[in-house]
1. Normalised by the number of residues in the stretch 116-179, what is the relative contact order in percent for Cα pairs under 8 Å and 6+ residues apart?
2. May I ask for the Rg/Rh ratio of the chain, computed from Cα atoms with Rh as the Kirkwood radius, given to two decimals?
3. Relative contact order, percent, of the stretch 160-269 when contacts are C-alpha pairs under 8 Å separated by at least 6 residues?
4. Quote the FRET efficiency, to the nearest 0.05, computed for GLU211 versus GLU109 with a Förster distance R0 of 30 Å and r equal to the Cβ-Cβ distance.
5. Between VAL132 and ASP336, how many nm apart are label points set 7 Å from Cα along the C-beta direction?
6. Run the helix sum for the chain: -39,500 (n - 2.57) per DSSP H stretch of 4+ residues, divided by residue count, reported at 222 nm to the nearest 500 deg cm²/dmol.
7. Please report the relative contact order for the chain, taking Cα pairs under 8 Å with a sequence separation of at least 6, and give it as a percent rounded to a whole number.
8. If you place +1 on the Cβ of every Lys and Arg, -1 on the Cβ of every Asp and Glu, and leave all else neutral, what size is the dipole of the chain about its Cα centre, to the nearest 20 Debye?
Amino acid sequence: MSSSGSMPPDSAAAAPLSARPLRRITVLSGGVGGARFLQGLLHGLANGSVPGGTPETEVTVIANTADDWWIHGLKVCPDLDTVMYTLGDGIDHDRGWGRRDETWSAKTELEAYGVEPTWFGLGDRDIATHLVRTQMLEAGYPLSAVTEALCRRWQPGVRLLPMSDDRVETHIAVADPESPSGRRVVHFQEYWVRMHAAVPAEAVLVVGQEEATPAPGVLEAIAEADLVLLPPSNPVVSVGTILGVPGVRDAVRATAAPVVGLSPIVGGDHVRGMAAQVLASIGVEVSASAVGAHFGARSAGGVLDGWLVDERDADQVAPLERAGLRARAVPLMMTDLDATAAMAAAAVALAGSVTA
């Protein structure tokens, strides 16, 4: 028995990955951080640096869709598009989102007409994606089928699934002295893009989540995986919202595959994004060990078997292992493809040490 304790009673024991080929990997991903990790994972599979993996290893990505919203009559899915563009070599690498070589004529014209919101810009090339998506949705196709169709152009090298075909949207409560309640609620995009997450998040509200169902293929991808990975995406408004779709957390708990996560918190702060703000809103300390404990060990009702922290957080490994999580400290900065592939390899190696 490993230090991670016994596996949950409703899941099968996971055999060491070193004893079998790595045929299927399922990743629960947000946008920029998840997409960059996936680049490194695919790079490592292609060059043989991921233990047990090959270029033929099937990677399925279950992407967060709670950041989605409608703007100017168009359905925008930021995390789906960021993964699709990044892996399809169309992303703007400097921004980390949107299309490369973008122009902004439509945004400028909308501003000239005084059309709000002016703080959220859709690039001219990016608009084409949203037009196609919106037309297909209005024709009756579910988001999963629309995503599959869009990926035929981009060929991302993974099977990309939305977490749900249902409408789920994250809203953030912030202080507002002029409101009778003392707070107001804004869409996630307004909090992130217009407000730059510069004010404290008092609460995270995921509208429609309780009524949502997993998109076709989501539960099967988790159940049939040889390895399930939680990349260094936001633990609350990316990975957290995926796990919050009814049935997904139970599927992760029940899978026979090892489940390993990589900390998005390095040295007591997020590397990019707003993890610190939203962790504070749910009462979780901004540290690698606290996020690992937030996800929890499967042996104690959580979703993880293993948790990678950065080298500078090595002192947090022992407390994590006492909490039932196999943990290891490795470099977690995605500075280039090789460094990111090494992170993926470390996750696979840690999964291989999770024995029944």
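The values are calculated or read from the model by the stated rules, or taken from the named source; none is laboratory data. Worth saying up front: this structure is predicted, and the values here are computed from it rather than measured. Glycine also receives a Cβ, built like all others from the backbone with ideal geometry; neighbour counts cover every protein chain displayed. Keep in mind that these areas ignore ligands, DNA and RNA; they rest on the heavy atoms of the full protein, side chains included. Shrake-Rupley method; radii C 1.70, N 1.55, O 1.52, S 1.80 Å.
1. It rounds to 24 percent for the stretch 116-179.
2. 0.96
3. Dividing the mean separation by the residue count of the stretch 160-269 yields 28 percent.
4. 0.20
5. Taking the two extended label points, one gets 3.3 nm.
6. About -9500 deg cm²/dmol.
7. Relative contact order, the chain: 24 percent.
8. Dipole magnitude for the chain comes out near 700 debye.
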